[in-house]
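Just so it is clear, none of the values below were taken in a lab; they were calculated from the coordinates. None of the values given here were measured: they were computed from a predicted structure. We place every Cβ from the backbone using ideal geometry, glycine too, and count neighbours over all the protein chains shown.
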Amino acid sequence: MVNLYELREGKKFSALTTDEKIIYFTEVARKALPYWGYAEETELKLLNYTENATFEIKPAETEHFIMRVHRALYTTENSIKSEFAWLESLRKDKIHVPQPIINKNGEYVVKIQMPEYEDFRYVDCTKFEQGDAPLQIPKLELFKELGEIIGKVHNNSEHFKKPEYYNRIVWNANTTFSRKNNYHYEYYKENSAFNKEDLKILDEGEKKICQKLETYGQSSQNYGLIHSDFRFSNILLDKEKFTVLDFDDCGEGWYMYDLGSVLAFNEDRDDAKQIMDMVFEGYSKVRTLGQQDLDMFETFQLLRRYGMICVGMFFEKSVVLGAGENADMTNAYWNNYYKSVVEATKKYLSVV
């Protein structure tokens, strides 16, 4: 049987221990530093490693910045350049997003060869952003602003002029439910946490989601370039200023998919409805949100939850380092989350 994970990471890298992977990523980062004008010995700190490895670079005499070492076989130079072209467009519209840093060669991306591992990594840098995740902020009113920001992002997307080299992934039913999906090729039907009855329910949910998506259709008003991962861990709040982070997974998809991702991993919070009501209200201030769109919210939220099952399967057997959201995601957490998706699917099948 083909090891699909090896299609996303090289064989030699996959065989490394956790400590060896940290050494590997640190070596890549140090090799990349001179491209941005810094010595390889510059102080750096590994902030997290889930899919990419993210470093805080701490030069002695200039501002700190963020360096991202990409996973091996997921992205391309053109897809990263496309991501950064969109970031620059969003910044022109006064939307707070990371600011890409051009290297000494006038490029956003550098390709670091790792011949001893028979692979390479793409590396890029952005300015350091201050702030805290909004779940730490008790004011529900702030989520109205978040909704407004998402609406502005979608307005920009609708008019964004894609560069000739444009290349981004697609978010749809196939890239969620198929074996070769956007979630590390993990396949929810092979999750050992589910019994036969669970899988029957999830299969029925998948079919209904696909039917709903086909009926909803695609148009310039409901489909375009999206962030795809607007959950709380990718939002920073600094003095009531929202900054949207992590455009690594931006791609073509339904705009409602972004709204469906806001509560990812937090869908069952007691204040979930109040949060989303605020998000919808803010969104509607800047962009039309019709009843047909609102009626699709549960579908897109559940579509995202199926994807989060696959994320959990990946996290359970992979190296996950860092603070924040990932730090609390133990195997027990994931088992509870998997069961919550089954319960959500039961409700979806009975109501939607």
Rounded to 10°, Cα long-axis angle of helix 196-216 versus longest principal axis of the chain: 90 degrees
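Within a 10 angstrom radius of the beta carbon, how do Leu47, Leu245 rank from fewest other beta carbons to most?
Going from sparsest to densest Cβ surroundings: Leu47, Leu245.
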In degrees, nearest ten, helix 77-92 long axis to first principal axis of the chain (Cα): 70 degrees
Entry for Kirkwood radius over Cα pairs in Å (calculated from the structure that is shown) out of [x] 21.2; [y] 22.5; [z] 20.7: [x]
DSSP-loop chymotrypsin sites (Phe, Trp or Tyr not before Pro) across the stretch 61-147, with at most 15 other Cβ within 10 angstrom: Phe128
Most mobile of Asp229, Asp238, Asp258 in a GNM of the chain (Cα contacts under 10 Å): Asp238
DSSP-assigned coil residues among trypsin sites (Lys or Arg not before Pro) in the stretch 48-128, each with at most 12 further Cβ atoms within 10 Å: Lys94, Lys104
Using alpha-carbon coordinates, inclination of helix 18-32 to the longest axis of the chain, degrees: 60 degrees
About the Cα centre, charge dipole magnitude for the chain (Lys/Arg +1, Asp/Glu -1 at Cβ), debye: 580 debye
Charge context of His154, other residues only, Cβ under 10 angstrom, K/R +1, D/E -1: 0
Gain upon complete extension [His159, Ser284; 0.36 nm per residue less C-alpha separation]: 43.2 nm
Residue of Glu116, Glu51, Glu41 that the Gaussian network model of the chain assigns the largest fluctuation, springs spanning Cα pairs under 10 Å: Glu116
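Can you tell me the relative contact order of the stretch 134-351? Whole percent, Cα pairs under 8 Å, sequence separation 6 or more.
33 percent
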Positive minus negative residues near Val286 (Lys, Arg vs Asp, Glu; Cβ under 10 Å): +2
